[in-house]
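No value in this document is a laboratory result; all are computed from the given coordinates. Bear in mind that the values here come from a model prediction, so they are computed numbers and not experimental data. Cβ coordinates were reconstructed from backbone atoms using ideal geometry, including for glycine residues, and neighbour counts include every protein chain displayed.
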Protein chains: 2
Amino acid sequence: MERTYIKDLHGHIGKEVKIAGWVDVRRDQGKMVFFDFRDATGKVQGVVLPGSDAMDSAKESRGEYVVEVLGKVNERPGNAAKEGLANGDIEIEVLGMEILSRAEELPFDRETELNLDTYLDNLPLTLRTEKARSIFRVQASLIQSFRWFLIQKNFTEIQVPKLVGGDAEGGAEVFEVDYFGKRANLATSPQLYKQIMVGVFERVFSTGNVYRAEKHATSRHLNEYTSLDFEMGFIKDHTDIMKTTRDYLVNAMSNLKENRAENFALFNMEIPDVPDEIPTFKLIDAQEIIKKEFDEDCAGAPDLEPQHERLICEYAKEKHNSDFVFITHYPRKKRPFYTMEDEDDKGFTKSFDLLFRGLEIATGGQRVHDYKKLVENIKEWGLNPEDFAFYLQAFKYGMPPEGGIGLGLERLTEKLLGLSNVKEAALFPRDMNRIDTRLSE
Amino acid sequence: MERTYIKDLHGHIGKEVKIAGWVDVRRDQGKMVFFDFRDATGKVQGVVLPGSDAMDSAKESRGEYVVEVLGKVNERPGNAAKEGLANGDIEIEVLGMEILSRAEELPFDRETELNLDTYLDNLPLTLRTEKARSIFRVQASLIQSFRWFLIQKNFTEIQVPKLVGGDAEGGAEVFEVDYFGKRANLATSPQLYKQIMVGVFERVFSTGNVYRAEKHATSRHLNEYTSLDFEMGFIKDHTDIMKTTRDYLVNAMSNLKENRAENFALFNMEIPDVPDEIPTFKLIDAQEIIKKEFDEDCAGAPDLEPQHERLICEYAKEKHNSDFVFITHYPRKKRPFYTMEDEDDKGFTKSFDLLFRGLEIATGGQRVHDYKKLVENIKEWGLNPEDFAFYLQAFKYGMPPEGGIGLGLERLTEKLLGLSNVKEAALFPRDMNRIDTRLSE
């Protein structure tokens with residue numbers, strides 16, 4: 001008999017089916033044994049009635065056993081359907097059960113909230129819980145929405161190298177790689193490549209790992225994370241990038257509402273609405289608001305500190321009913337050399353950060369596209385244009401006004417689901433103390 | 001006026017539009033100037049008639065200038081449409097032209113075939129040619145088909161770390177990373193992570209960069225490449241993986257035929273048909289065929305050499321009219337510890353390589369899913385199970401029979417388009433002598 005996926009069982013009510021999956025929960029009631037079975041597509045309850053051929057296997061099995069089950073799909077008595085469970089209205093009457101793979105006794109109760117270290121030390125098991133699975137299903141939806149949205153908007157996907165040569169731009173803390181006896185680094189972003197590729201395809205995106213060798217041990221930092229990047233030509237200014245970012249968020253939240261509502265329910269979190277106009281403040285105006293509303297003086301600082309990001313988000317939520325805030329016009333000298341200065345606001349840039357529920361999740365802006373200006377900036381930043389000769393070719397040969405954004409997938413996931421640490425939003429997080437051994441083939 | 005994309009011009013015949021893009025070609029005929037304009041979505045011819053306000057800009061501009069053009073969409077006289085050009089049946093009568101960005105004189109004729117080093121040294125410019133753009137549009141289609149096909153089949157996308165701890169498995173040549181004073185490596189594949197994730201989602205895929213520190217300077221090797229990986233539970237054996245791989249290829253080729261036919265026409269290459277059954281030979285049978293048909297003795301070798309891969313592909317093309325060949329049953333000791341032995345063919349494994357037009361493009365198979373057997377194998381391979389404790393957790397707690405594949409995106413692209421070197425199929429290829437400087441932000 002062909003295997004039926006659990007999500008397709010509704011089409012087989014009254015019929016015999018074969019399902020396969022894991023024992024998610026077993027409840028042994030003596031004469032009868034109840035199961036929740038789990039496969040790639042969902043969960044369903046199973047019941048082994050007295051006298052069933054499956055009783056021996058049912059008695060032997062326990063959590064995480066892998067089984068193949070022959071059974072009949074029955075409508076479920078009572079008001080189980082009203083409990084709102086997916087498949088709450090059906091169950092499998094188990095007629096046969098073959099154990100494909102056994103599991104050791106679990107080292108802790110699946111329902112217990114574990115401390116973060118225990119959780120992370122046991123990921124091959126702890127990722128199997130419904131909550132963890134929900135996190136990474138939401139994450140998959142977010143990255144797929146990103147690509148799909150941009151493909152519809154004539155963006156071309158590019159594969160960007162992460163092994164890059166030479167020293168990194170001053171300031172960035174990078175991981176060093178021994179590249180056949182020469183020094184190379186792990187890329188902190190696909191920035192310069194995606195700019196080059198605007199010259200080729202006009203609109204490009206990439207999704208992939210980037211690296212920061214920051215010695216932070218906070219709930220906000222990962223040393224390896226997934227960056228969602230796009231870059232586009234023929235923009236008016238940075239507000240076109242903000243608009244495209246906003247439109248992506250609308251699309252992504254709508255897909256979550258359609259497909260991942262039950263994952264959010266587990267976390268008691270709401271999928272946010274994205275306003276038509278995300279509240280937008282210049283950095284200095286945000287600093288003034290923070291001072292006026294919260295009596296915290298951060299005027300003149302080149303960036304917002306974490307607590308100030310939280311405050312301005314609190315303000316935007318209260319005054320504009322928005323979980324998202326754009327902060328624009330960071331000072332020129334605190335942004336990279338390629339950042340476009342605002343001619344109408346000298347010393348400040350057409351750059352922005354996107355904050356979401358108190359946390360910076362993305363950075364973007366318009367870039368300098370004029371070759372001469374770019375060379376001047378490189379010098380002004382104390383760097384050597386010769387080192388950037390490859391990159392600069394793109395600007396020598398015709399580059400339109402352009403800009404883009406890099407968005408941290410794990411931070412977006414974290415804040416959507418109200419997690420307390422970004423590490424919970426990375427499958428196998430890397431931090432100063434944590435890097436799995438022996439996990440390269 | 002809103003900008004119109006070139007691909008949408010057919011909806012505006014007889015009307016005035018604004019387009020924006022690059023000067024792909026300019027042909028100055030004295031009184032009139034002809035252009036090919038290029039944007040993210042296509043190309044179109046433009047003509048500047050005597051007396052047009054655009055004449056000054058038209059005279060000044062040249063290849064790769066970035067322009068905004070105001071013009072009228074006209075049906076094109078004569079039989080231009082029959083030339084088979086996209087947009088060959090329309091042209092823009094240019095009424096105004098604003099130069100947004102200038103380009104230096106190009107360092108070589110765009111139509112000249114460059115030698116590979118010159119091509120690679122000038123990628124920000126050489127990638128702008130129609131041929132290069134075609135390669136990476138085909139590549140984008142292949143990776144997007146991969147994800148889309150698997151999502152339909154209930155696979156979940158996962159983000160896998162590429163920074164991994166400890167020493168790599170014996171034999172593999174890996175890049176070393178200084179990880180806060182400890183040694184880490186760049187992953188050669190997502191293999192062990194995707195296996196862990198079968199325990200979580202049953203069916204998973206990932207797409208991303210992987211790294212091989214091989215000191216090869218051949219037309220077949222890259223030191224950083226894009227690996228398309230899937231892994232799935234509840235398989236009968238390796239043939240389920242081969243079938244899913246075949247079905248992906250059917251889907252991918254069908255998408256190429258639908259959307260990328262003109263890219264293939266540029267290379268005079270045909271998009272291959274994928275047979276219902278891809279010809280499949282055990283390694284020893286392939287070796288016998290090679291001896292019998294081509295008088296080359298490679299019997300007993302643990303793998304096929306490049307020339308033998310070419311010969312068996314030649315044979316499969318001639319006898320079975322297939323561009324694809326599966327080779328199965330590689331000897332156990334030449335495959336990694338997790339490879340499943342064939343109980344009916346002791347000493348040989350339920351593993352396979354996929355060859356395409358003379359080149360190995362993918363490797364896959366069934367894996368050992370039994371915890372005890374896996375521990376035994378690790379010891380037999382001279383490795384220490386304690387080093388694999390994290391990975392082994394997945395098998396301690398219930399793992400179904402499972403397997404998967406890793407497919408090299410660049411090699412598939414290369415052979416589809418008949419390129420002579422895999423480096424042409426990587427946007428910014430990495431090899432022993434080539435790593436861009438200063439391309440991390």
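Using the Cβ atoms and a cut-off under 11 Å, what net charge is assigned to the surroundings of A:Leu374, where Lys and Arg are +1 and Asp and Glu are -1?
Result for the local shell: +2.
Per residue of A:175-187, count partner chain C-beta atoms within 10 Å of its C-beta, then hand back the mean as an integer.
Counting other chains' Cβ atoms within 10 Å and averaging over A:175-187 gives 5.
Counting only C-alpha contacts under 8 Å and six or more residues apart, can you give the relative contact order of chain A as a whole percent?
Over chain A, the number comes to 12 percent.
Distances from B:Met32 to the same position in the other copies: list them in nm, one decimal, shortest first, using label points 7 Å from Cα along Cα→Cβ.
8.6
What whole-number volume per residue, in cubic angstrom, does the convex hull of the C-alpha atoms of the stretch B:211-316 give?
Residue-normalised Cα hull volume stands at 177 Å³.
Test of understanding: express the Cα radius of gyration of the protein assembly as shown as a ratio to 2.2 N^0.38 Å, with N the residue count.
Compactness ratio reported: 1.00.
So what's the angle, to the nearest 10 degrees on a 0 to 90 scale, between helix B:306-320 and the longest Cα principal axis of chain B?
The angle comes out near 80 degrees.
To one decimal place, what Kirkwood hydrodynamic radius in Å is obtained for the stretch B:6-101 from all pairs of distinct Cα atoms?
The Cα-based Kirkwood calculation yields 13.0 Å.
Amide H of B:Gly46 versus every other amide H placed in the peptide plane: which residues, excluding those fewer than 5 positions away on the same chain, fall under 5 Å?
B:Phe35, B:Asp36, B:Phe37, B:Ile92
Along Cα→Cβ, 7 Å out, is where each label goes; now give me the distance between the ones at A:Asp237 and B:Lys372 in nm to one decimal.
Distance between label points: 7.2 nm.
Once fully extended, how much extra length lies between B:Glu75 and B:Lys215, figured as 0.36 nm per residue of separation less the alpha-carbon to alpha-carbon distance?
44.8 nm
Defining the label point at 7 Å along Cα→Cβ, can you sort the distances from A:Lys373 to the same site in each other copy, shortest first, in nm?
Counterpart label points of A:Lys373 in the remaining copies fall at 6.4 nm.
In deg cm²/dmol and to the nearest 500, what is the mean residue ellipticity at 222 nm of the protein assembly as shown if only DSSP H runs of at least 4 residues count, each as -39500 (n - 2.57), divided by the residue total?
Helix contribution divided over all residues of the protein assembly as shown: -9000 deg cm²/dmol.
I need to check one value: relative contact order of the stretch A:1-118, counting alpha carbon pairs closer than 8 Å and at least 6 residues apart, in percent.
Here the relative contact order equals 26 percent.
Whole-Hz Karplus ³J(HN,Hα) for the stretch B:402-409, in order, using 6.51 cos²θ - 1.76 cosθ + 1.60 and θ = phi - 60°, x for Gly and Pro?
So the J values, rounded to whole Hz, are 8, x, x, 8, x, 10, x, 4.
With θ set to phi - 60° and the Karplus curve 6.51 cos²θ - 1.76 cosθ + 1.60, what are the ³J(HN,Hα) couplings of the stretch A:128-143 in order, to the nearest whole Hz, using x for Gly and Pro?
7, 6, 4, 5, 5, 4, 5, 4, 7, 6, 4, 4, 4, 4, 5, 6
Rounded to the nearest 20 debye, what is the charge dipole size of the protein assembly as shown about its Cα centre when +1 sits on each Lys and Arg Cβ and -1 on each Asp and Glu Cβ?
Dipole of the protein assembly as shown, to the nearest 20 debye: 340 debye.
Which value does Rg/Rh take for the stretch A:155-235 over its C-alpha atoms, Rh per Kirkwood?
1.02
Which order do the peptides B:110-123, A:190-203 take when ranked by the mean count of other beta-carbon atoms within 10 Å per residue, highest first?
A:190-203, B:110-123
Which of these, B:Gly51, B:Gly364, B:Gly233, has the largest mean-square fluctuation under a Gaussian network model of chain B (Cα springs below 10 Å)?
Among B:Gly51, B:Gly364, B:Gly233, the largest mean-square fluctuation in the Gaussian network model of chain B belongs to B:Gly51.
At 7 angstrom along the Cα-to-beta-carbon line, where would the label on A:Glu277 sit relative to the other copies? Give the distances in nm, shortest first.
6.7
Using only Cα atoms, tell me the angle between helix B:238-259 and the longest principal axis of chain B; keep it within 0 to 90° and round to the nearest 10.
Roughly 0 degrees between the two axes.
Which far-off residues, 5 or more places away or on another chain, put their amide H under 5 Å from the one on B:Thr363, with H placed in the peptide plane?
Result for B:Thr363 returns B:Leu354, B:Gly406.
Could you give the C-alpha radius of gyration of chain A expressed as a fraction of 2.2 N^0.38 Å, taking N as the number of residues it contains?
With N residues counted in chain A, Rg over 2.2 N^0.38 Å equals 1.17.
Which of B:Val25, A:Val94, B:Val204 has the fewest other C-beta atoms within 10 Å, and how do the rest follow up to the most?
In increasing order of surrounding Cβ atoms, one gets B:Val25, A:Val94, B:Val204.
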